[in-house]
1. Please report the relative contact order for the stretch 33-151, taking Cα pairs under 8 Å with a sequence separation of at least 6, and give it as a percent rounded to a whole number.
2. Given a cut-off of under 8 Å on Cα pairs at least six residues apart, what relative contact order in percent is computed for the stretch 132-288?
3. Gain in length, His124 to His239, computed as 0.36 nm per residue apart minus the alpha-carbon separation, to one decimal in nm?
4. Can you give the extra length, in nm with one decimal, that the chain gains between Ser213 and Ala255 once fully stretched, where that is 0.36 nm per residue apart less the Cα-Cα distance?
5. As I understand it, the value is the acute angle between the Cα axis of helix 254-265 and the longest principal axis of the Cα atoms of the chain; what does it come to in degrees, rounded to 10?
6. Under the √(5λ) rule applied to the eigenvalues of the Cα gyration tensor, what semi-axes describe the equivalent ellipsoid of the chain? Give them in Å, descending.
7. Compare the Cα positions of Gly35, Ala75, Thr65 along the charge dipole of the chain (+1 at Cβ of Lys, Arg; -1 at Cβ of Asp, Glu; about the Cα centre) and return the one farthest towards the positive end.
8. Work out from phi, with θ = phi - 60° and the Karplus expression 6.51 cos²θ - 1.76 cosθ + 1.60, the ³J(HN,Hα) of each residue of the stretch 37-48, listed in order in whole Hz, and give x for Gly and Pro.
Amino acid sequence: SAYLRQYMVDKSDQDYPASDEVKNFYEQGLEELAGANPALAVPLFEKALAIYPTHYMGMLKLGDTYYIMNRDTAAIRLYKKASELNPIRPEAWEKLSMSLYQRGMYEEAAASIIEAIIAYPQQHYFTILKRIVQKTAADFNLQWIPREVYPLTTAHAWEEIIADDKSPWWYYQAAKQDAYSYFDSLGMLKPNDKTKEKYLEMYAWKKMLENSSRKHFQFARAMDKLGYLDCYAFISLFHQDLYDQFADFSVNNMARIKEYFFILINWEDKRFDKVRKAVAPPAESKTK
């Protein structure tokens, strides 16, 4: 949710070093904007930025004010600048995406909201992406599935939900005990002779795919074949308990995540027929 994102991602305030004068101009601008006085808000935000040009929220709010005044080109310019200034914060990417969407620049809008997702996979951003993709006459399926158990964690020694032994998620949950001596509080696996996986989540998913029936998790199996199982687990199936693993993964795999979104958006294309058939359950694969 947005609240979890604010706690996880927005907790570092890069505008903190701004002087009291800058903060006063910014706060006065917010008051004028809240009072439906955008023309009065503009010079206040501009004064704040003249003194402190890298004020992230100042850029966003001035961009919002420009947008209200139908100065969308100026707004887009500020959203781009803010996103370049702090690419790991999603707000500027979202605003840029929506501005480009309103201009009919759908590919650019999709690219921007994907950047926001890389910063934090908030459900709202996926909703925006789906809306954008559908404008190009394509469909978008996040391939989300519900979990039967919580993500593995060292935060407690007991499980809130125990997987039924007939459920494939039993294998996922069992992986925690299997690798208990090797992972830290962030879910990172230490060097060991059992696996070369870096993330506990990936170790658990691979154990589950290895031991469960092919009738389960066809898309996950396809992504495993294509080398994007990690993207699927951390992006499509994101859970806040996985944030530390996700944050490490996303910052080191931005290009691969973008490749994954290309696959996700084009999954029904015939170019993926072969891999879809390869992971189909035996009975289904015989009929094709």
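1. Reported relative contact order: 15 percent.
2. Numbers: 148 pairs, mean separation 37.7, N = 157.
Relative contact order for the stretch 132-288 comes out at 24 percent.
3. My answer for the length gained is 40.0 nm.
4. Working: separation 42, 0.36 × 42 = 15.12 nm, distance 3.16 nm.
Here the answer is 12.0 nm.
5. 70
6. Numbers: eigenvalues 348, 117, 39 Å².
Whole-Å semi-axes of the equivalent ellipsoid: 42, 24, 14.
7. Ala75
8. Residue by residue, the stretch 37-48 yields 10, x, 5, 7, 6, 3, x, 5, 5, 5, 5, 4 Hz.
FYI, it's all coordinate maths here, none of it is from the lab. Predicted, not measured: the structure shown is a model, and the values here were computed from it. Glycine also receives a Cβ, built like all others from the backbone with ideal geometry; neighbour counts cover every protein chain displayed.
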